[in-house]
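Working notes, structure below.
The values are calculated or read from the model by the stated rules, or taken from the named source; none is laboratory data. Please read these numbers as outputs of a predicted model, since none were measured by experiment. Every residue, glycine among them, receives a Cβ derived from its backbone with ideal geometry; neighbour counts consider all protein chains shown. Please note that ligands, DNA and RNA were not included when accessible areas were found on the heavy atoms of the full protein model with its side chains. Shrake-Rupley method; radii C 1.70, N 1.55, O 1.52, S 1.80 Å.
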Amino acid sequence: MLHDLRLVIRALLRQPSFTLAALATLALGIAATTAMFAAVYGVLLRPLPYPDADRLVQVSEVVPGGTPAISGPMISTISIHAWEPHRRTVGPIAHFGGGSVTVGFDTPQRLVRGNVAPHFFDVIGVRPVLGRFFVEQDAAAGAAPVVVISAELWRDGFGSDPAIAGRRIVVEESPHEIIGVAPAAVALPTSDTRLWTPGSLGPPPGPDNQQVGATRAITRLLPGVTPAQAAAEATALARGVTRPRAADMLFGKGGPVEVHVRTVTDQMTMGVRPALLVLLVGVGLLLLITCANVANLFLSRGASGERDRAVRVALGAARARLIRETLAEALVICGAGGAIGVALAAGLLAGLPAIAPATFPRLDAITLDAFAVMFAVAASLIAAAITGLIPAFRSARADLLPSLRDGAGASRGPRTLRTHRVLLAAESTLAVMLLIGAALMGRSFVNLVQTDAGYDAANVLTARIYLPGASRGEAQTNTLLAELLPRLRALPDVVAAGASNMAPFGRSTYVSSFEVPVPGREPVVARTQSYVITPGYTEALRLRLHAGRVFEDRDVAAGRQSVLVNEQFVRMFLRDADPIGLRFGGQYGAGEIIGVVGDVLKNSLDQEPQAEMYLLAAGEASIRREVYLVMRTTGDPIAYADTVRSLVTELRRDAAVEALEPLSAQLAASVAQPRFAATVLLSFAGIALLLAAVGLYGVLSYSVARRQREIGVRGALGATRGHLVRMIVSEGLGVTAIGLALGLLLAAGATRFMQSLLVGVAPIDPWSFGLAALGLLLVALVASAVPARRALRVDPVTALRAE
C-alpha cells in the first residue's frame, strides 16, 4: 500500500492541473461542511456546563388562540403555584427574571441583574467561587438586601478581591451585601448577567389575591422522566385552577392553557434551530455536488491513462491492483483536501463572530474541536469512497485490445459517458434544490425588511435614561424631561425630540385593560399596549397619522387626558364606530381619543400588530422607571450621542444613560439572524452553481474530444456551424434538464420543512422555483458554449486522416 501511495503521489505531482482542481474543489466542500457541523454541534448539541444538563428544563405556557402581550417563554405564577405542591415528575421549580439596574460605582452603571428564586443556583447545580448562595430567608419580607455577583464583575469591578464577601454595593440606591461569587458558567437569565438578587414568587392566588405575574422558570426532570411527561402533568394541574382575568391580559384569551417543557439548550436555541438545520442540509448537498464533480474529474483523467493501464494488464498486472491504486489516488486527494478543508474551516470559524448576529445563541460554544475534526475525517473518507469507487471499477473493466490500439477503452466508451452524464444530472438536481432554498430565503428576507414597521427609523437617535428612585414617583422624571427636551430641540439639525415609557426594541412593555364604551353596543373590554409619551414623540418617529391629530404642547396644559390609538385598536374594539372624540375610563382617569395612528411593530418585523394606546405624559399618566428618548436629526444621529449624554449628566449627575444608538441600527440588528441565514444559503447556492457549471463544461469538453471523428464526418458531409453548436449545447441542456426536473420534484417536497423560516412566501413559490430553474439553465447554456465553440474548430480532414 505504501508503494502504491508513492506511485500515486508522483503521478499526481506530474499532473498539477488535475491535482489542484480536485484539491480546491474538495477543500471548499469539506471546509464549508466542517464549519457548519461545528456550528450545529456547538449551538444545538454541545451540553451546557451544568451537571446532568440534559435534565435541566425551562417551563413556559401558552394559550392556544390567544395573543400574548409579552414575548418570550413565560409561565404564569398561578401555574407554578398549582404545579409546585403536586409535582411528581420534576424537582423544585425556580423562577427567574432579568433586567438592568443602576449600580453605584464612581460613575453610575447599568448592569444586567437576575432576580431569582433562592434555590435557583441549587437547581442549575453550580457552587459559588467564594462565599455562599441564597437561602430562603434572603427572600423573606424585611430581610437585609444581599447580592451574588458574577465572576466577571468580581474580576473587572473588584480586582478579584478574595475578601469580597461582606462588602457592600449600591443597587438601585439600596446598599446590598455581597454574599458570594458565581462561577463564569452561569449564563442565566442571559450571558451578560453580572449580579443576582433573591426574589419571591408571591403568595398563591385566592379570594383576596387576584394578581397574576409572568416569569421564566427552570427545574430538573427526575430520572427517567421525559419533557413530554412533565408537560402533561403541569398542563393538567394548571387547567385545574381558575385563571383570573389578569392571566388573560398577559397570555391572551383562547383555549385551555398548555404548559411546555423544553431542555434549556432547546429553549435557548429554538429561534435558530430551523435555520441551522436548513443550512446543514444545504451544506450537505454542497458536499455531494463536490464529490460528484471530483468523480467526474477522475473519470476524465482515467481516459488519458487508459493505454497505460492496458499495457500493465497485458504485462500481468491484476485488475484488483488497478482498483487499489485508483482508490489510493482518491484517498490521497481527499485526505489532502480534507486537511486543507479543516484549515479553511478553522479560518471560517475564527471569523464567525464578526459576521454572525450579536444575538446568535451560544456563539462562544462554536469551536473546531475534536468532534469537528473527526467529522472532517469522516467526510473525507466518504468523499474518497464516492469519488474513487466509480472511476476505479469503470477503469478496471477496460477492454484490453481497443485500449492497446488507440486508448479508446472503457474510459472512452459510451458507458463511461453515461456515467459522466448521471453524475452531472445528480449535480444539477442537488444544485437546483440549493438554488430553490436560497431563493425562498432571499425572497423571505426581502419581504421581511420591506415590512412597514409603522415608523421611519432613518436619522433617529434613541437612548434609555434611568433615574434613581424614579419608580417611586414621577416628579423627578417630569422635571428632567421639562428641561431636557427643549434643549435637545434647540440643537442645530434636530427636527423633533420626545420621550416615552417604551419604544421600538425597548426592553419594557406596558399593558393595560379597560372598558371601551362603543355607541350602540355593549362596552368592549380592551387589552392594549399602553404608551405614555410626550409631545414630539410621534414626530420624531414619524408615526403614520390616519385620522385626527397628534399631541401638542397645549394638550399638556389642557387638564384632560388625550389619547391616540392605532388602527389595530380600531379594528378590534371599535369596528365601524368613529373613534375621534370617543371618551372612556382607564387607570389614569377619563380619556378622549384625538387621533388614530398606524400600527407599530415594537419588537420585531415578523410580529402581528397589537392594539396600542398612546397617553399624553401629563397628570397621573407619567413616565416612570426608565425613560426612552427619541430624537430625529437631519444628519447622522450618532453624532449627537455625546451631546445627549452630557446634557443628561449636566441636569442629573446620578442619571444612567445607555443604548445611545441609531434606531436604524436596532432595526437592522432585529433582522440579522434571517439575513445571516439567507446570506450563507445564497453563498452555498452560488458555489453549487459554479461547481455545476464546471462539471458540465468538463463533461462536454470530454464529449467533444471523444466525438472528434463524428464531428469531422458531419462537417465533411455539409453540417453547418449552427447545427454543430446546437448538437453540443442540446446535449448539455438535455442532461441539465433531467437533473432540473428531478430537483424541482424533490424540492417541492423538501421546502415545506422551511415553512417556519419564511415570511410572506409559500414553500412552493412559483417565482423562487422559476428563478432557480432559469438560473441553472442559463449557467448550463454558458457552460455549454465553450465546448461548442471548440467543436467548430475541428478540421474534418484532420479528424478523418487521424482515423
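Below is a table of values for the structure above.
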| quantity | calculated |
| --- | --- |
| Sole exception among (1) within 38 Å of the chain's Cα centre (by Cα); (2) at pLDDT 85 or above for ILE580, by number | (1) |
| Residue among ALA32, ALA69, ALA11, ALA27 that is at pLDDT below 90 and in contact with a strand residue (DSSP E or B) (Cβ under 6 Å, 6 or more places away or on another chain) | ALA69 |
| Conditions (1) in contact with a Leu (Cβ under 7 Å, 6 or more places away or on another chain); (2) open to solvent by 40 Å² or more (accessible area, probe 1.4 Å); number of the one not met by VAL147 | (2) |
| Wholly within the range 157-216, strands (runs of 3 or more DSSP E) carrying at least 1 residues that are touching a His at 6+ places or on another chain (Cβ under 8 Å), of a type in the set (Lys, Arg) and at pLDDT 85 or above | 168-171 |
| Filter pass, SER646 being among the polar types (S, T, N, Q), modelled with pLDDT under 85 and assigned to a helix (DSSP H, G or I) | no |
| Qualifying residues in the range 740-758 (those that are surrounded by 15 or more Cβ atoms within 10 Å (Cβ to Cβ) and in contact with a Pro (Cβ under 8 Å, 6 or more places away or on another chain)) - the one nearest to LEU288 (Cα to Cα) | THR751 |
| ASP54 being part of a helix (DSSP H, G or I) and surrounded by fewer than 16 Cβ atoms within 10 Å (Cβ to Cβ) | yes |
| The range 443-466, residues that are part of a helix (DSSP H, G or I) and surrounded by 19 or more Cβ atoms within 10 Å (Cβ to Cβ) | ARG443, SER444, PHE445, LEU448 |
| Count - residues of the range 584-614 that are more than 38 Å from the chain's Cα centre (by Cα) and part of a loop (DSSP other than H, G, I, E, B) | 6 |
| The one condition in (1) charged (D, E, K, R); (2) open to solvent by 40 Å² or more (accessible area, probe 1.4 Å); (3) farther than 30 Å from ALA214 by Cβ; (4) in contact (Cβ under 8 Å) with a residue 12 or more places away in the chain that ASP555 fails to fulfil | (2) |
| Residue identified as under 17 Å from LEU485 (Cβ atoms) and either surrounded by fewer than 20 Cβ atoms within 10 Å (Cβ to Cβ) or touching a residue at least 12 places away in the same chain (Cβ under 8 Å) (or both) among LEU601, LEU629, LEU582 | LEU629 |
| Residues (buried (at least 18 other Cβ atoms within 10 Å of the Cβ) and closer than 21 Å to ILE93 by Cβ) located in the range 127-144 | PHE133, PHE134, ASP138, ALA139 |
| GLU177 in contact (Cβ under 8 Å) with a residue 40 or more places away in the chain and not polar (S, T, N, Q) | no |
| Pair list, Cβ under 8 Å, 6 or more apart: the range 742-771 residue free of Cβ contacts under 8 Å to residues at least 24 places away in the same chain, other residue open to solvent by 40 Å² or more (accessible area, probe 1.4 Å) and aliphatic (A, V, I, L, M) | ALA748/ILE764; ARG752/ILE764 |
| Single match in GLN568, GLN561 (criterion: in contact with a Gly (Cβ under 6 Å, 6 or more places away or on another chain) and polar (S, T, N, Q)) | GLN561 |
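This table checks each residue for (1) crowded, with 23+ Cβ neighbours inside 10 Å; (2) at negative phi; (3) among the hydrophobic types (A, V, I, L, M, F, W, C).
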| residue | (1), (2), (3) |
| --- | --- |
| LEU5 | no, yes, yes |
| LEU12 | no, yes, yes |
| ALA32 | yes, yes, yes |
| MET36 | yes, yes, yes |
| VAL40 | no, yes, yes |
| PRO64 | no, yes, no |
| SER71 | no, yes, no |
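A quick yes/no check of all residues on (1) modelled with pLDDT under 80; (2) open to solvent by 40 Å² or more (accessible area, probe 1.4 Å):
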position: GLU522; (1), (2): yes, yes
position: ARG527; (1), (2): no, yes
position: THR538; (1), (2): no, no
position: GLY548; (1), (2): no, yes
position: ASN566; (1), (2): no, no
